[in-house]
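The values are calculated or read from the model by the stated rules, or taken from the named source; none is laboratory data. Predicted model only: the values in this text are computed from it and were never measured. Neighbour counts run over all protein chains shown; Cβ positions are idealised from the backbone, glycine included.
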Amino acid sequence: MHPDLEKLIQLQETELEIKNYSDRIEQLPRHLAALEEKLSETLQSLSGNQDRLAKLALEKRKLEGVIQDLEQKNSKYREQLVEVKTNEQYKALLHEIEFNSSQIRKTEDEVLTKMEEEERLRKELKEKEQLLQEEKAVINSEKRAAEAEEEQDKSILGNLQNRRRDLIESVSPSVREMYNRIARFRKGVALARANGDSCQACHVRIRPQVLSQIMSGECIVTCDSCDRILYWKPDGPYEVAP
Ligand SMILES: [Zn+2]
């Protein structure tokens, strides 16, 4: 096999691995950001409950004040009942007392409704606080794992980049120039696998004479259609992006 071709195949393999590790490193912060987003949603919903609870306490206090006022009025009216002179005045006072009593009952019902809401909100709040703790624990452990993974990936990536540099330096200058030129135009993928009778990158048919040249591996042949350097491999892990 042409010595440069063998190196180019290794180079291609290295490029794909570099891309794979670069993508992984790029994905990590996004994963963590999604987790942080979830945490902030829980926090927001939790503080919504706290706000509503504070508002409810105020509303309840106000209603309790209303009840107190009405009760005071009624006890004053009751004292006046014994002092009134006419039947008309007596009736009017009784009517006031009756009306205030019904207002008190109505307001007490409102207080009760607010207390029920309070109870429900407190229960929810407790659950959300629990959830928040769980989410925080998940984020912390995922962060630690991500940091370890990133460190490892970066070290592998560094080795791969060194390997790429060594490989590029080891091929002859003309082949290197050709490889760099094609890689630039083909998003870093300068090689394509020949399989059957076609280029696996652009799927254009390869002429039999050219195919036998590729199969021999003795010279560097490029695809007539996509210009990538072709190498013979009936099957293998290095599929080229279309
Ligand atoms: Zn092609």
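Yes or no: segment 83-99 includes at least one residue that is of a type in the set (Val, Ile, Thr) and exposed (fewer than 13 other Cβ atoms within 10 Å of the Cβ).
Yes.
Residue-wise test of (1) within 16 Å of the ligand (Cβ to nearest atom); (2) touching a Ser or Thr at 6+ places or on another chain (Cβ under 6 Å); (3) at pLDDT 95 or above.
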| position | (1), (2), (3) |
| --- | --- |
| Leu81 | no, no, no |
| Glu124 | no, no, yes |
| Gln152 | no, no, yes |
| Ile156 | no, no, yes |
| Arg186 | yes, no, no |
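If we keep just the residues of segment 99-116 that are among the hydrophobic types (A, V, I, L, M, F, W, C) and free of Cβ contacts under 8 Å to residues at least 12 places away in the same chain, which is nearest to Ser22 (Cα to Cα)?
The selected residue is Leu112.
Could you please give the count of residues in segment 117-166 that are more than 26 Å from Glu36 (Cβ to Cβ) and in contact (Cβ under 8 Å) with a residue 12 or more places away in the chain?
Residues in segment 117-166 being more than 26 Å from Glu36 (Cβ to Cβ) and in contact (Cβ under 8 Å) with a residue 12 or more places away in the chain: 8 in total.
Which pairs have Cβ atoms under 7 Å, sit 6 or more apart or on different chains, and link a residue in segment 47-76 that is within 13 Å of Glu118 (Cα to Cα) to one that is part of a helix (DSSP H, G or I) and β-branched (Val, Ile, Thr)?
Lys60/Val111
Condition check: more than 16 Å from the ligand (Cβ to nearest atom), without any contact (Cβ under 8 Å) to a residue 40 or more places away in the chain and under 25 Å from Gln27 (Cα atoms). Does Ser174 satisfy that?
It is false that Ser174 is more than 16 Å from the ligand (Cβ to nearest atom), without any contact (Cβ under 8 Å) to a residue 40 or more places away in the chain and under 25 Å from Gln27 (Cα atoms).
Suppose we filter Asn162, Asn180 for residues that are closer than 21 Å to Glu17 by Cβ, assigned by TED's automatic domain parsing to the domain that holds Asn20 and among the polar types (S, T, N, Q); which single one remains?
Checking each option against the conditions leaves just Asn162.
Are there any pairs, at least 6 apart or on different chains, whose C-beta atoms fall under 7 Å, with the first in segment 192-204 and modelled with pLDDT of 90 or more and part of a loop (DSSP other than H, G, I, E, B) and the second of a type in the set (D, E, K, R) and within 8 Å of the ligand (Cβ to nearest atom), and if so, which?
Once the first residue is modelled with pLDDT of 90 or more and part of a loop (DSSP other than H, G, I, E, B) and sits in segment 192-204, its partners that are of a type in the set (D, E, K, R) and within 8 Å of the ligand (Cβ to nearest atom) give Ala201/Arg228; Val204/Asp224.
Let me spell it out: the conditions are (1) in contact (Cβ under 8 Å) with a residue 40 or more places away in the chain; (2) part of a helix (DSSP H, G or I); (3) among the aliphatic types (A, V, I, L, M), and Met1 meets all of them except one. Which number is the exception?
Unmet condition: (2).
Which of the residues belonging to segment 161-201 are in contact with a Cys (Cβ under 8 Å, 6 or more places away or on another chain) and either surrounded by fewer than 16 Cβ atoms within 10 Å (Cβ to Cβ) or aliphatic (A, V, I, L, M) (or both)?
Listed by number, the residues that qualify are Ala192, Ala201.
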